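**Student:** I'd like to ask you about the structure that follows.
The values are calculated or read from the model by the stated rules, or taken from the named source; none is laboratory data. All of these numbers come straight from a predicted model, not from anything done at the bench. A quick note on method: Cβ atoms are made from the backbone with ideal geometry, for glycine too, and the neighbour counts reach across all protein chains shown. Calculation scope for accessible area: heavy atoms of the full protein, side chains included, ligands and nucleic acids excluded. Shrake-Rupley method; radii C 1.70, N 1.55, O 1.52, S 1.80 Å.
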Amino acid sequence: MNLYLRYFNKETLVSSVDDAISFLSNIDEIGMTPELEQDIREYVASDVFYPKRYKIRTRVYFIIIKTEAANMQDFKEKKALRGHEEGNMPVQKEHSSTQQTLLKLNEERPGWYEGSFNFKRVSMLPGTGKFQYRDTLFVAQVKAMSPLDCYNRIVEHLRSRVDERSQFPSPKGKNYKYRYLGAAKS
């Protein structure tokens, strides 16, 4: 396990927490303290693999990322991403579920669809005149060419009937569901 550290344009890839602390200690703006050193050691020793950001001052941070990359070039080219069982799985496999979702959404199958999604509808509170977002479930049966066309037709219908600040979910997300009801009769 290696560590990638970056503070503005200063960056390094080190193999130990001591090297990481040494790198950070050489940057005057960071001001290495015993508490910061202890926190970095705890982060490195933990099972947490998401990047860790440390605040120096308002809107100024340095970042530490745990990585399997052997050198800076591999890290930059994302050749050592975590989450693969044996490490031999190609990076393209990571996006396979997203690609499958897109293929299903774009698959042309003319007919009737039932599309449903939760969206954030802007509505006015009576008496106060203030507005708030409310989760709203909308279900419609639509004649469409594909699941994505079904989604687009529903959103087009709603845009002319709800406040323009309302927020619709992505068709690729878990808040949009559809089912094919059958072919349209000619």
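**Student:** Please give the helix 96-106 orientation as an angle from the longest Cα principal axis of the chain, in degrees from 0 to 90, rounded to the nearest 10.
**Tutor:** Approximately 20 degrees, to the nearest ten.
**Student:** Taking a ≥ b ≥ c as the square roots of the eigenvalues of the Cα gyration tensor of the range 1-43, is the shape rounded (a/c under 1.5), prolate (a/b larger than b/c) or oblate?
**Tutor:** oblate
**Student:** For the range 102-186, what is the Kirkwood hydrodynamic radius in Å, using each pair of distinct C-alpha atoms?
**Tutor:** Radius from the Kirkwood sum: 13.7 Å.
**Student:** Under a 1.4 angstrom probe, counting protein chains only, how are 142, 44 ranked by accessible area, largest first?
**Tutor:** The ranking, largest first, comes out as 44, 142.
**Student:** Still on this structure, I have one more. Angle, helix 34-45 long axis vs. longest principal axis of the chain, Cα atoms, 0 to 90°, nearest 10?
**Tutor:** 60
**Student:** Could you give me D for the chain, from Stokes-Einstein at 25 °C and 0.890 mPa s, where the hydrodynamic radius is the Kirkwood radius over C-alpha pairs? Units µm² s⁻¹, please.
**Tutor:** Value of D from the Cα-based Kirkwood radius: 116 µm²/s.
**Student:** Per DSSP H run of n ≥ 4, the term is -39500 (n - 2.57); total these for the chain, divide by its residue number, and report the mean residue ellipticity at 222 nm rounded to 500 deg cm²/dmol.
**Tutor:** Only helices count here, giving -8000 deg cm²/dmol.
**Student:** Further, regarding this structure: To the nearest 10 degrees, how steep is helix 147-159 against the longest Cα principal axis of the chain, on a 0 to 90 scale?
**Tutor:** 80
**Student:** I've got another one for you. Using only protein heavy atoms and a 1.4 Å probe, report how much of residue 15 is accessible, in Å² to the nearest 10.
**Tutor:** Per-residue accessible area (residue 15): approximately 80 Å².
**Student:** Run the numbers for residue 27 and residue 124: contour at 0.36 nm per residue of separation, minus the present Cα-Cα distance, in nm.
**Tutor:** In short, 29.7 nm is gained.
**Student:** State the extension gain, in nm to one decimal, for the chain segment bounded by residue 174 and residue 39, taking 0.36 nm per residue of separation less the distance between their alpha-carbons.
**Tutor:** Taking 0.36 nm per residue and subtracting the Cα distance, the gain is 45.0 nm.
**Student:** Now for a different question. Let me spell out the model: positive unit charges on the Cβ of Lys and Arg, negative unit charges on the Cβ of Asp and Glu, origin at the Cα centre of the range 9-70. What dipole size does that give, in debye rounded to 20?
**Tutor:** So the dipole magnitude of the range 9-70 works out to roughly 360 debye.
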